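The values are calculated or read from the model by the stated rules, or taken from the named source; none is laboratory data. Since we're looking at a predicted model, the values are computed, not measured. All Cβ positions, even for glycine, are placed from backbone atoms using ideal geometry, and neighbour counts span all protein chains on display.
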Amino acid sequence: MTRSRVKSVAFAMLAAAALTAPGAAQDTPATMKALRIHAHGETSEVLHYEDAPIPSPRPRQLLIAVHAAGVIPGDWKTRNAQFGDFSDSMPVVMGYDVSGVVEEVGSAVQGFAVGDEVFAYLPRGGAFAEYAVGPAGVFAKKPANVSHLEAAGAPVCALAAWCALVEKAELKEGQTVLIQGGAGGVGHYAVQIAHAIGAKVYTTASPRNHEFLRGLGADVVIDYHTQRFEDVVDDVDVVFDMIGGEVLERCYRVVKPGGYLVAISGGVSEEKLEEHGIRGTFLATPPDGRRLAKVAEMMERGEIATHVGRVFPLSEAADAIDLNEHGPNRGKIVVQVRE
């Protein structure tokens, strides 16, 4: 064998070893399976499980191999055009909550490496796919003691609960909090966060979820079918409402003067806040990796955990979105993409 031939073989062997070394990205295929929307509509008929091009990360982005994706109301609201008209950019890959392994790191990204296990709320979607891309700033390291299924359920919902109770309301040990709809995606994180803080936790739920919520740390569970929450609780420090409508209208009267009302399913009336002598805000959940890292710390300490209610394969992600829309649901619905 000639010297040049020996060098060529040696180079090829070194290149192969580099590609299979721990932490190195494998060759990424050109296409992937994904759930895409081609037109807005009221049913899952507008969603298609199909081949799609794998996105390439820009300098400040990460490309991840998706292991799991969480289902949120934002998915069916995107389908229904409640989050705006995306017709000009369709087809669009659906899904906002994601957990996976870093496949490629943008040239301007620091703090992440190929092989890192991460999770995120993707501001432009793309989670219901075998690969997803997003700004590095929305990602956080996945806790080692948490599965991808559990991590994928957390970003939007756990972030909403954390921002509402910790950042906005500044809930403290010894205070009281009323959490509307405690068994849902956001609610079951909120109950756990409030309990971890050391607050007395009131929450509303149907009877089938009462024991579940007590197990998460709820002190008093109110059956909204047979009881009006204002007949059970009064003068609480914080109310966290994710129901909206008539329920939100009734929330103002149970907050103590100077207390705080946070809502995520409807606007808060400044006039009614002033009338009742309380503070409050409507919360839009921010896609923020620094805040998500705070959630990850609580998950790592075992203070909060994701209750995975149902798991669907990627090929049935449209059904998972339908279930989230029509419920009822306990905890989180999650789509599994990889084992």
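Scan the range 148-156 and give yes if some residue there is assigned to a loop (DSSP other than H, G, I, E, B) and either touching a residue at least 24 places away in the same chain (Cβ under 8 Å) or not small (G, A, S) (or both), otherwise no. Within the range 148-156, one or more residues are assigned to a loop (DSSP other than H, G, I, E, B) and either touching a residue at least 24 places away in the same chain (Cβ under 8 Å) or not small (G, A, S) (or both).
Criterion applied to A30, A81, A21, A69 was being modelled with pLDDT under 95 and either under 25 Å from A154 (Cβ atoms) or under 21 Å from the mean Cα position of the chain (by Cα) (or both), and the one residue passing it is A81.
The residue that is modelled with the lowest pLDDT, counting only those in the range 265-285 that are small (G, A, S), under 17 Å from V247 (Cα atoms) and in a loop (DSSP other than H, G, I, E, B), is G266. The residues of the range 59-89 that are over 15 Å from V337 (Cα atoms) and in contact with a Lys or Arg (Cβ under 8 Å, 6 or more places away or on another chain) amount to a single one, F83.
One line per residue, one yes/no per condition, for (1) closer than 28 Å to P328 by Cβ; (2) in a loop (DSSP other than H, G, I, E, B); (3) without any contact (Cβ under 8 Å) to a residue 12 or more places away in the chain; (4) out of contact with any helix residue (DSSP H, G or I) (no Cβ under 7 Å at 6 or more places or on another chain):
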residue: H48; (1), (2), (3), (4): yes, no, no, yes
residue: P59; (1), (2), (3), (4): no, yes, no, yes
residue: L63; (1), (2), (3), (4): no, no, no, yes
residue: T78; (1), (2), (3), (4): yes, no, no, yes
residue: F83; (1), (2), (3), (4): yes, yes, yes, no
residue: F119; (1), (2), (3), (4): yes, no, no, no
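Scanning the range 270-300 for residues that are more than 21 Å from V156 (Cβ to Cβ) and either out of contact with any helix residue (DSSP H, G or I) (no Cβ under 8 Å at 6 or more places or on another chain) or among the β-branched types (V, I, T) (or both) yields E270, E271, E274, G277, I278. Based on this model, can you work out whether R214 counts as in a helix (DSSP H, G or I), within 26 Å of A196 (Cβ to Cβ) and either in the same structural domain as E167 (by TED's automatic domain parsing) or not hydroxyl-bearing (S, T, Y) (or both)? Here the answer is yes, as R214 does meet what is asked.
Among the residues of the range 200-215, the ones that are surrounded by 22 or more Cβ atoms within 10 Å (Cβ to Cβ), under 11 Å from A183 (Cβ atoms) and either without any contact (Cβ under 8 Å) to a residue 60 or more places away in the chain or of a type in the set (V, I, T) (or both) come to 4 in all.
For E303, the test of being under 22 Å from N324 (Cα atoms) and either surrounded by fewer than 18 Cβ atoms within 10 Å (Cβ to Cβ) or in contact with a Pro (Cβ under 6 Å, 6 or more places away or on another chain) (or both) is failed. Within the range 244-264, being over 21 Å from K172 (Cα atoms), touching a helix residue (DSSP H, G or I) at 6+ places or on another chain (Cβ under 9 Å) and either among the β-branched types (V, I, T) or not in a helix (DSSP H, G or I) (or both) holds for one residue alone: V247. In the set E130, E167, only one residue is among the acidic types (D, E) and assigned by TED's automatic domain parsing to the domain that holds V233; that residue is E167. If the condition is being of a type in the set (K, R), surrounded by fewer than 18 Cβ atoms within 10 Å (Cβ to Cβ) and assigned to a strand (DSSP E or B), then the range 307-339 contributes only R310. Suppose we keep only residues that are among the small types (G, A, S) and loosely packed, with under 15 Cβ neighbours inside 10 Å within the range 29-80. Which one would you say is nearest to I321 (Cα to Cα)? If we take residues in the range 29-80 being among the small types (G, A, S) and loosely packed, with under 15 Cβ neighbours inside 10 Å, then G41 is nearest to I321 (Cα to Cα).
The single condition from (1) surrounded by fewer than 24 Cβ atoms within 10 Å (Cβ to Cβ); (2) among the aliphatic types (A, V, I, L, M); (3) touching a Ser or Thr at 6+ places or on another chain (Cβ under 8 Å) that I197 fails is (3).
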